[in-house]
Amino acid sequence: MLDSHQPTPTQRVALVIQYLGTHFHGWQRQKKHRTVQEEIEIAIAKILGHHVTLHGAGRTDAGVHAAAQVAHFEATGLIPAHKWATVLNSYLPPDILVRASASVDNRWHARFSAAYRRYRYTIYTEDRPNLFVKPFSWHYYYAPLDESLIQAALKPLLGKHHLAAFHRAGSKRSHSWVEVQAAECLRSGPFIHIEIQADGFLYGMVRLLVGMLAQVGSGQRTLASFTELWKEQRREEVKHAAPPQGLCLLRVGYPDFPFKSEIWYDTLPKLVISQ
């Protein structure tokens, strides 16, 4: 038993979190809206008896999912760090799951220690809708999409660029520079999967980008005009964002991460319809 005069032990605990974004107004805590951050903070407060702040690796918009979001908080008390996942899951709603928890150094930060974030956007191209893929994809049936054109449009984005054309208003970020580390488009039957990896993402960037890529893939916009649009920062021409349900935060990468790869690296199954 601890001496009441001794300071309460404190540890920094990292979490790998999954959530279905359908009924959330995004990650970040907001007044009058249900958010992932707030739900987890409420659960932690019930366990500890006081409020703590949960720091996430990145913010996701309303309706966007996460397969391996990462966050950390300062925990007091005697619960071992690796036990926090199990304890939290008994308090959390069914659309949030903590896959694992671990102790990290006090200098480690879920946001500032991250080397990259990777997103996947899923498009469903069959003519007829499908209820079982609707919550996790954009049903694009307006015109055929050529995934090779989308891939060609993605290639010039690799590297560090000023991507103000794909930056929604309302962000507090002071600049629009992004280092795109990987970008690919693959088709699997009626599904097109677009994956983007970068050191960080602008507010609304992926959905605005996918909305424009659909114009390229359908032949409404040429490859050259698409590249000119973002290089010349013509934000006024980017008018339509892809819907949120097709987007998922796939993973966050760190130089020093306490979790095994099977916990966080590739935990979002790709949608498949057997023929």
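For K160, state whether it is farther than 24 Å from V252 by Cβ, open to solvent by 20 Å² or more (accessible area, probe 1.4 Å) and among the basic types (K, R). Against the criterion (farther than 24 Å from V252 by Cβ, open to solvent by 20 Å² or more (accessible area, probe 1.4 Å) and among the basic types (K, R)), K160 does not qualify.
In the list Y265, Y254, which residue meets the criterion of being over 16 Å from V206 (Cα atoms) and in contact with a Lys or Arg (Cβ under 7 Å, 6 or more places away or on another chain)? Let's see the steps before the verdict.
On the way: Y254 fails: in contact with a Lys or Arg (Cβ under 7 Å, 6 or more places away or on another chain).
Residue meeting the stated conditions: Y265.
Considering only strands (runs of 3 or more DSSP E) fully contained in region 57-159, which possess at least 1 residues that are small (G, A, S)? Give the steps one after another, and end with the answer.
Working: elements: 65-76, 96-104, 116-124.
Because the criterion is at least 1 residues that are small (G, A, S), the strands (runs of 3 or more DSSP E) in region 57-159 that meet it are 65-76, 96-104.
Whenever a residue of region 24-37 is touching a residue at least 40 places away in the same chain (Cβ under 8 Å), its partners that are part of a loop (DSSP other than H, G, I, E, B) and open to solvent by 80 Å² or more (accessible area, probe 1.4 Å), lying with C-beta atoms within less than 6 angstrom and at least six residues away or across chains, give the pairs W27/R59. Of the listed requirements (1) at pLDDT 95 or above; (2) over 20 Å from the mean Cα position of the chain (by Cα); (3) closer than 25 Å to Y254 by Cβ, A152 misses just one: (3). Restricting attention to region 237-262, the residues that are assigned to a helix (DSSP H, G or I) and surrounded by fewer than 17 Cβ atoms within 10 Å (Cβ to Cβ) total 3.
This table checks each residue for (1) hydroxyl-bearing (S, T, Y); (2) in contact with a helix residue (DSSP H, G or I) (Cβ under 8 Å, 6 or more places away or on another chain); (3) within 23 Å of Y254 (Cβ to Cβ); (4) surrounded by fewer than 20 Cβ atoms within 10 Å (Cβ to Cβ).
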residue	(1), (2), (3), (4)
Y19	yes, yes, yes, no
E41	no, no, yes, yes
A45	no, no, no, yes
G49	no, no, no, yes
R59	no, no, yes, yes
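Filtering region 215-227 for residues that are in contact with a Gly (Cβ under 8 Å, 6 or more places away or on another chain) and touching a residue at least 40 places away in the same chain (Cβ under 8 Å) leaves an empty set. Report, by residue number, each residue of region 89-115 that is charged (D, E, K, R) and either without any contact (Cβ under 8 Å) to a residue 60 or more places away in the chain or within 22 Å of A43 (Cα to Cα) (or both). Matches in region 89-115: D95, R99, R107, R111.
Selection of region 264-275 for residues being more than 16 Å from the chain's Cα centre (by Cα) and surrounded by fewer than 17 Cβ atoms within 10 Å (Cβ to Cβ) yields V272, I273, S274, Q275. Within region 116-145, the residues that satisfy the criterion of being of a type in the set (D, E, K, R), open to solvent by 60 Å² or more (accessible area, probe 1.4 Å) and touching a residue at least 24 places away in the same chain (Cβ under 8 Å) are E126, K134. Looking only at region 163-188, residues that are open to solvent by 50 Å² or more (accessible area, probe 1.4 Å) and either touching a strand residue (DSSP E or B) at 6+ places or on another chain (Cβ under 7 Å) or modelled with pLDDT of 85 or more (or both) come to 7 in all.
Being modelled with pLDDT of 95 or more, open to solvent by 50 Å² or more (accessible area, probe 1.4 Å), on the phi < 0 side of the Ramachandran plot and of a type in the set (V, I, T) holds for only one residue in T86, T10, and it is T86.
Among the residues of region 13-55, write down those that are outside any helix (DSSP H, G or I), over 18 Å from A102 (Cα atoms) and touching a Phe, Trp or Tyr at 6+ places or on another chain (Cβ under 7 Å).
First, the residues of region 13-55 that are outside any helix (DSSP H, G or I): 13-20, 24-35, 49-55.
Restricting the remaining residues to those that are over 18 Å from A102 (Cα atoms) gives 19-20, 24-35, 49-51.
Result: R34, T35.
The values are calculated or read from the model by the stated rules, or taken from the named source; none is laboratory data. Given the structure is predicted, the values throughout are model-derived calculations rather than measurements. When we count neighbours, we look across all protein chains shown, and the Cβ atoms used for this are built from the backbone with ideal geometry, even at glycine. Side chains are part of the model used for accessible areas, which takes the heavy atoms of the whole protein and leaves out ligands, DNA and RNA. Shrake-Rupley method; radii C 1.70, N 1.55, O 1.52, S 1.80 Å.
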